[in-house]
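Chemist: Below is one structure. I have some questions about it.
The values are calculated or read from the model by the stated rules, or taken from the named source; none is laboratory data. Remember, predicted model here, so these are calculated numbers, not experimental data. All Cβ positions, even for glycine, are placed from backbone atoms using ideal geometry, and neighbour counts span all protein chains on display. Only protein heavy atoms, including side chains, enter the accessible area calculation; ligands, DNA and RNA are left aside. Shrake-Rupley method; radii C 1.70, N 1.55, O 1.52, S 1.80 Å.
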Amino acid sequence: MSNERELTMAKAIAEAISQEMERDQHVFVMGEDVGVYGGIFGATQGLLSKFGPERIMDTPISETAFIGAATGAAAEGMRPIVELMFVDFFGVCMDQIYNHLAKNTYMSGGNLHLPVVLTTAIGGGYGDAAQHSQCLYSVFAHTPGLKIVVPSTAYDAKGLMIEAIRDDNPVMYFFHKGLMGLGWMRYPERSVNVVPERSYTIPFGKADVKRPGTDITIVCLAMMVHCALDAAEKLSKEGIEAEVIDLRTLVPLDREAVIASIKKTHKLLVVDEDYLGFGLSGEIAAIAADEAFEYLDAPVKRLAVPNVPIPYSQPLEQFVIPSVEAIAEAARSLAR
Amino acid sequence: MAPSTEQLLEMDRQAWTIRLFEEALAQVYMEGKSPAFDIGSGTIPGEMHLSAGQEPVAVGTCAHLGQEDTVVGTHRAHHFAIAKGVDLKEMAAEIFGKETGLGKGKGGHMHLFDPKRKFSCSGIVGASFPVACGAALAAKKKEKDWVAVAFAGEGAANEGSFHESLNLAALWKLPVIFIIEDNAWAISVAKSKSTAIPYNSQRAVAYGIPGVRVEKNDFLSVYDAAGEAIARARHGEGPTLIEVKTDRYFGHFIGDPELYRPKDEVKSLKAADPIGQFEQTIIAKGLVSRAQLDKERETAVKAVDEAIEFARKSPYPKSEEALEHVFA
Ligand SMILES: Cc1ncc(C[n+]2csc(CCOP(=O)(O)OP(=O)(O)O)c2C)c(N)n1
């Protein structure tokens, strides 16, 4: 059945971009290796042959120039999608992102609209070490003015991408390498799911309960959703029913979904593949403390990368990135 | 100044060490990655950028450098490290993620640090230029005649860091040499599709420093051009920009489908392999004998075998060590 076809996350993203490019002539793509290569992680696969090099533009390795150019083109009414190959490379172009793309709307008193989608790859676990394995979405969520999208399945990826392209604000769209369904990197089967061929949107700021449960709430996103779901299956056999909440977007953040789940389970575990300090897990814990304190039966638990760069060697890397077993153990200790 | 016989033999040994090391890694890298290729599995997980075919740039330049000179490399840096004299065993062990590695398994293939040999590299494109400027600045402040060399690919010359560093180095007359390896490709993007002028050496004009293009992937041509630039830097005459034409034999990384590259490109490049040509030339000139070169090659074979063996046998670091060394 054609409406039951399954896609990988990479294909779902490329399809979303393709449909929006057909719908709106102002949409175009810039980035390193987005053309013939189809994006190192496949997010623009097949687009060059469909739309040609005028709309699918390979760039020089000049991130400040082409990401800044996205801001400039958007101010002129274009709707650029621009790819920063790995989020780790933000250092070479952060000024254009942080001080311009994020702030120009505000500084213009709302007179300037910047409909830019900045796509970028995140995540580790495959031995790529400290400069190619980070998540860093919290860094960008920290500055006002950027919407932050982090999908975990193909279905979500397509709807969120179309929503991102149609949004009149800068949207940073983070795709986890290990969820793209690449032929050369292991991925959870669950990330591949049924994606309608028709165009559809998923609104920002709506978390998704990926698994309902009654005993403990696990808040997470991207790869950690799949690790938490695996952990939840184990826990279920032990009589612990975990509710897994996929935030899907950080800005805007679905506080209500987090609070509603805490009211139900009275226990909160936040799992994050980003650094522990000053990030997502602290933010969610603060929301719980501010708005759901009286519903909590235990202190909030946080599991994240323990404030060290991602190490190269496998035993080290596996030690710092939250694993299914570590999540299950944290949940167990909390549920007891 | 032409290289001495001893230097020629050392260059030959280094060239073979690089070539054989990269070929050995290409094999080891595939261990545990079949039947299904998974980048995160096997003896060596992660990306693997190899430098086979690009030996002349590293070897021809480093022949002029001593222990006190600094080299800063890129994501594709094994050849620079070997030519700078980084210990092959410790380097192999690092690439295998072992406790005995240069960085105790923390850095890995793109992040090799050997402060003793004054070698470092980075996985961020364009990161070598400013760091080399800093080493050169330190040499100047210490009133030493040390130099620093920044290597980078032709793709990296489009980063802001390249232009900022050239200006800074020219302004302060730093003893630094910028060497661009033009292997024609930045992943899938051809130089002609990314760079507004044919030669990066032309960009030197903008900063008032010498710019040299070496048109052949040839050890002796690089040796000459680098020698002149390094001598200038040592004598306080400031930086030079050199671009060398060179050839990438492997994909951008192992596993690269290379759909962007003409099918027979590598085959035709290999027909003019720089190591073979180098050996022919120096034998023809009567500078060395075939037997001497064969001996160097044997030494290289042995060194590579031993390094891989050492890396294999070395233990992994303990998990908890992940928490150490964030700060000094
Ligand atoms: C700042 C930054 N942007 C992009 C990348 C991704 N990347 C890694 S290597 C590479 C191509 C580099 O080409 P070149 O400088 O010519 O070196 P080569 O790989 O050919 O040796 C790119 C785009 C990166 N590592 N860092």
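Chemist: Of the residues A:Pro196, A:Pro212, A:Pro203, which single one is of a type outside the set (S, T, N, Q), surrounded by fewer than 21 Cβ atoms within 10 Å (Cβ to Cβ), touching a strand residue (DSSP E or B) at 6+ places or on another chain (Cβ under 6 Å) and more than 14 Å from every other protein chain (Cβ to nearest Cβ)?
Modeler: Going through A:Pro196, A:Pro212, A:Pro203 in turn, the sole match is A:Pro212.
Chemist: Turning to a different aspect of this structure: If B:Leu112 satisfies all but one of (1) touching a helix residue (DSSP H, G or I) at 6+ places or on another chain (Cβ under 7 Å); (2) away from the ligand (no atom under 16 Å from the Cβ); (3) within 13 Å of chain A (Cβ to nearest Cβ), what's the number of the condition it fails?
Modeler: (2)
Chemist: Listed residues B:Ile209, B:Ile177; which is within 18 Å of B:Ala58 (Cα to Cα) and either modelled with pLDDT of 95 or more or within 16 Å of the ligand (Cβ to nearest atom) (or both)?
Modeler: Being within 18 Å of B:Ala58 (Cα to Cα) and either modelled with pLDDT of 95 or more or within 16 Å of the ligand (Cβ to nearest atom) (or both) holds for just one of B:Ile209, B:Ile177, which is B:Ile177.
Chemist: While we're on this one: Of everything in region A:64-88, what is within 13 Å of the ligand (Cβ to nearest atom) and either free of Cβ contacts under 8 Å to residues at least 40 places away in the same chain or not assigned by TED's automatic domain parsing to the domain that holds A:Gln134 (or both)? Give them in sequence order.
Modeler: A:Thr64, A:Ala65, A:Phe66
Chemist: Specify the residue that is farthest from the ligand (Cβ to nearest atom); the eligible residues are those in region B:123-148 that are basic (Lys, Arg) and without any contact (Cβ under 8 Å) to a residue 40 or more places away in the chain.
Modeler: So the residue we want is B:Lys142.
Chemist: Filter region B:123-148 down to residues that are open to solvent by 10 Å² or more (accessible area, probe 1.4 Å), within 14 Å of another protein chain (Cβ to nearest Cβ) and not in a loop (DSSP other than H, G, I, E, B) and give me whichever is farthest from B:Ser201 (Cα to Cα).
Modeler: B:Val131
Chemist: Say we look at region B:161-172 and pick out the residues that are open to solvent by less than 10 Å² (accessible area, probe 1.4 Å) and within 14 Å of chain A (Cβ to nearest Cβ); which of these is farthest from the ligand (Cβ to nearest atom)?
Modeler: Residue satisfying both the conditions and the ranking: B:Ser165.
Chemist: Give A:Glu54, A:Glu15, A:Glu22 a once-over and let me know the one that is in contact (Cβ under 8 Å) with a residue 60 or more places away in the chain, away from the ligand (no atom under 16 Å from the Cβ) and farther than 30 Å from A:Tyr275 by Cβ.
Modeler: After applying the criteria, what remains is A:Glu15.
Chemist: Go through region B:173-193 and report how many residues are open to solvent by less than 20 Å² (accessible area, probe 1.4 Å) and of a type in the set (Ser, Thr, Tyr).
Modeler: So the answer is 1.
Chemist: Go through region B:26-48 and report how many residues are within 14 Å of chain A (Cβ to nearest Cβ), assigned to a helix (DSSP H, G or I) and under 30 Å from B:Ala63 (Cβ atoms).
Modeler: 2
Chemist: Can you name the number of the only condition in (1) aliphatic (A, V, I, L, M); (2) assigned to a helix (DSSP H, G or I); (3) under 30 Å from B:Lys216 (Cβ atoms); (4) under 16 Å from the mean Cα position of the chain (by Cα) that B:Ala92 fails?
Modeler: Failed condition: (3).
Chemist: Need pairs with beta-carbon distance below 7 Å; first residue of a type in the set (Lys, Arg) and within region B:186-204, second at pLDDT 95 or above and more than 14 Å from the ligand (Cβ to nearest atom); sequence gap 6+ or separate chains.
Modeler: B:Arg203/B:Gly211; B:Arg203/B:Leu241
Chemist: Something else now. With the requirement that a residue be among the aliphatic types (A, V, I, L, M) and at negative phi, what does region A:111-137 give you?
Modeler: Selection gives A:Leu112, A:Leu114, A:Val116, A:Val117, A:Leu118, A:Ala121, A:Ile122, A:Ala130.
Chemist: Next up: From the list A:Arg186, A:Arg166, exactly one residue is more than 14 Å from every other protein chain (Cβ to nearest Cβ), touching a helix residue (DSSP H, G or I) at 6+ places or on another chain (Cβ under 8 Å) and surrounded by fewer than 21 Cβ atoms within 10 Å (Cβ to Cβ). Which is it?
Modeler: Going through A:Arg186, A:Arg166 in turn, just one is more than 14 Å from every other protein chain (Cβ to nearest Cβ), touching a helix residue (DSSP H, G or I) at 6+ places or on another chain (Cβ under 8 Å) and surrounded by fewer than 21 Cβ atoms within 10 Å (Cβ to Cβ): A:Arg166.
Chemist: Might you check whether a residue that is open to solvent by 10 Å² or more (accessible area, probe 1.4 Å), farther than 30 Å from B:Gly97 by Cβ and over 13 Å from the mean Cα position of the chain (by Cα) occurs anywhere in region A:173-181?
Modeler: no
Chemist: Sticking with this structure for a sec: Anything in region B:150-181 that is more than 16 Å from the chain's Cα centre (by Cα), farther than 16 Å from B:Gln202 by Cβ and assigned to a helix (DSSP H, G or I)? List them, or say none.
Modeler: Scanning region B:150-181 gives B:Gly160, B:Ser161, B:Glu164, B:Ser165, B:Leu168, B:Ala169, B:Leu171.
Chemist: Quick check on region A:35-69: of everything there that is small (Gly, Ala, Ser) and assigned to a loop (DSSP other than H, G, I, E, B), which residue is surrounded by the most Cβ atoms within 10 Å (Cβ to Cβ)?
Modeler: Among those that are small (Gly, Ala, Ser) and assigned to a loop (DSSP other than H, G, I, E, B), it is A:Ala43.
Chemist: Let me ask another. Restricting attention to region B:149-160, report how many residues are within 7 Å of another protein chain (Cβ to nearest Cβ) and either more than 8 Å from the ligand (Cβ to nearest atom) or surrounded by fewer than 24 Cβ atoms within 10 Å (Cβ to Cβ) (or both).
Modeler: 2
Chemist: Restricting to region B:33-53, name every residue that is touching a helix residue (DSSP H, G or I) at 6+ places or on another chain (Cβ under 6 Å) and open to solvent by less than 10 Å² (accessible area, probe 1.4 Å).
Modeler: Answer for region B:33-53, where residues must be touching a helix residue (DSSP H, G or I) at 6+ places or on another chain (Cβ under 6 Å) and open to solvent by less than 10 Å² (accessible area, probe 1.4 Å): B:Ile44, B:Met48, B:Leu50, B:Ser51, B:Ala52.
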